[in-house]
Amino acid sequence: MKKLIAILLLSIYLFNLAGYSLVFQYFIEQSEQQFVQQIDQNKYTESELVEISIPFNLPYTQNSTAFERLDGSIEVNGTTYHYVKRRVFNDTLHILCLPNQQRTQLIKEKSSYAGQVNDFASTQKSRESAGKKTSPLTEYNNTITRYSFVLPAILAVKENKDLVCLFPQTSPGTAGHPPQISC
């Protein structure tokens, strides 16, 4: 009995971890296949089509009077559009698209479910309260930065093998003669 409960709880945990994403992805793919089949069988009206016109300035292109079938999709402002037909006319590419409302709705439901499962803040008040939970110690933690500037030193070895540091007579930023070094 304990094994059965452990397996049940583990399966619920794994579903909440990544399983819902796989289930939603499966439904999205199924709806997309059904939608493409409907396009292939011409189960749509011309009034549902949305036209996208793109300037197409390429040399040696020929105008096409009739539309030809086109596969693919594009997402604009969260709505998925499937390409239906295209043609090139007067240096413009005309693409007729059909909005896939079912896929768009499934993607919105997936993100909504993910937000609820993972306890993401959905309101502005909860976002503000989450931002105010900072420690007072970290709010006033200012670091002090110290800078020190050192002139370049030249090490020289005298005959008695003692190290001696010699500094140039002029600052390194001035133009003109090289610095004078004395031993």
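Quick notes on this structure:
- In the stretch 25-50, the residues that are among the aliphatic types (A, V, I, L, M) and more than 14 Å from Lys110 (Cβ to Cβ): Val36, Ile39, Leu49, Val50
- Candidates Asn42, Asn57: the one that is assigned to a loop (DSSP other than H, G, I, E, B), out of contact with any strand residue (DSSP E or B) (no Cβ under 8 Å at 6 or more places or on another chain), touching a residue at least 24 places away in the same chain (Cβ under 8 Å) and of a type outside the set (Phe, Trp, Tyr) is Asn57.
- If the condition is being at pLDDT below 85 and surrounded by fewer than 11 Cβ atoms within 10 Å (Cβ to Cβ), then the stretch 1-16 contributes Tyr13, Leu14.
- If the condition is being closer than 30 Å to Thr65 by Cβ and exposed (fewer than 13 other Cβ atoms within 10 Å of the Cβ), then the stretch 88-112 contributes Asn90, Asp91.
- Cross-chain or 6+ apart pairs with Cβ under 8 Å, the stretch 68-85 first and part of a loop (DSSP other than H, G, I, E, B), then among the hydroxyl-bearing types (Ser, Thr, Tyr) and surrounded by 15 or more Cβ atoms within 10 Å (Cβ to Cβ): Leu70/Tyr83; Asp71/Tyr83; Gly72/Tyr83; Gly78/Thr104
- Single unsatisfied condition, Thr61 versus (1) more than 28 Å from Ala114 (Cα to Cα); (2) of a type in the set (Val, Ile, Thr); (3) at pLDDT 85 or above: (3)
- Within the stretch 51-87, the residues that satisfy the criterion of being closer than 23 Å to Lys110 by Cβ and surrounded by 13 or more Cβ atoms within 10 Å (Cβ to Cβ) are Ser73, Thr79, Thr80, Tyr81, His82.
- Taken over the stretch 1-37, the criterion of being more than 30 Å from Asp71 (Cβ to Cβ) and touching a residue at least 12 places away in the same chain (Cβ under 8 Å) is satisfied by Asn16 alone.
The values are calculated or read from the model by the stated rules, or taken from the named source; none is laboratory data. The shown structure was predicted, so the numbers you read here are calculated from the model rather than taken from an experiment. With ideal geometry, Cβ positions are generated from the backbone for all residues, glycine too; neighbour counts draw on all protein chains shown.
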